[in-house]
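Structure first, then comments.
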Amino acid sequence: MATTFDRPTRIERLDAATLRIVWGDGLNAVIPLEVLRRNCPCAYCKGEQVFGTAVLVPLVQFAPGMNELVALEPVGNYGVRAQWADGHDTGIYPWNLLRHIAENMTESDTSTRKNEQ
Ligand SMILES: [Zn+2]
């Protein structure tokens, strides 16, 4: 389960396409919403996983507004639920997933807007 260590001290919108998440240990991540959406943990986006293998192909395709965040709603002590402008709102991001995304951002994640399809 998520620990309090994983819990950000601050989540804020930098602009329409970017979120800044700050943790108490000093990690300060600027995460494009597109990256957040791409890492949506729900079964619809990830496909159904059985023993680590995707048995359902993820149905991710570009929809207008899919990388536009409408709201981030806290889910208890556990994480946040993201509501996207295309109506998708079943993805709950536990704190440790946000942390994982922040720590595994690559160069390409910060410049993915050009290969959006
Ligand atoms: Zn999803």
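Can you name the residue in the range 72-117 that is among the acidic types (Asp, Glu) and at pLDDT below 85 and, of all such residues, is surrounded by the most Cβ atoms within 10 Å (Cβ to Cβ)?
Residues of the range 72-117 that are among the acidic types (Asp, Glu), as a first pass: 73, 86, 89, 103, 107, 109, 116.
When the remaining residues are screened for being at pLDDT below 85, the result is 107, 109, 116.
Working: Glu107: 7, Asp109: 15, Glu116: 9.
That would be Asp109.
Would you call Ala71 free of Cβ contacts under 8 Å to residues at least 40 places away in the same chain, more than 10 Å from the ligand (Cβ to nearest atom) and in contact with a Leu (Cβ under 9 Å, 6 or more places away or on another chain)?
Against the criterion (free of Cβ contacts under 8 Å to residues at least 40 places away in the same chain, more than 10 Å from the ligand (Cβ to nearest atom) and in contact with a Leu (Cβ under 9 Å, 6 or more places away or on another chain)), Ala71 does not qualify.
So, in the range 74-94, exactly how many residues are more than 10 Å from the chain's Cα centre (by Cα), farther than 21 Å from Ala16 by Cβ and in contact (Cβ under 8 Å) with a residue 40 or more places away in the chain? Please lay out each step first, then the result.
Step one: filter the range 74-94 for residues more than 10 Å from the chain's Cα centre (by Cα), giving 74-79, 83-90.
Among the residues that remain, those that are also farther than 21 Å from Ala16 by Cβ are: 74-79, 90.
Pick out the ones that are also in contact (Cβ under 8 Å) with a residue 40 or more places away in the chain and you get 77-79, 90.
So the count comes out to 4.
Tell me, which residue of the range 30-45 that is within 13 Å of the ligand (Cβ to nearest atom) and not in a helix (DSSP H, G or I) is surrounded by the most Cβ atoms within 10 Å (Cβ to Cβ)?
Out of the qualifying residues, it is Cys40.
Under the condition of being touching a Lys or Arg at 6+ places or on another chain (Cβ under 7 Å) and at pLDDT 85 or above, which residue from the range 47-71 is surrounded by the most Cβ atoms within 10 Å (Cβ to Cβ)?
Asn67
The values are calculated or read from the model by the stated rules, or taken from the named source; none is laboratory data. Owing to the predicted nature of the structure, the values given are computational and were not obtained by experimental measurement. Using ideal geometry, Cβ is built from the backbone for each residue, glycine included, and neighbour counts are taken over all protein chains shown.
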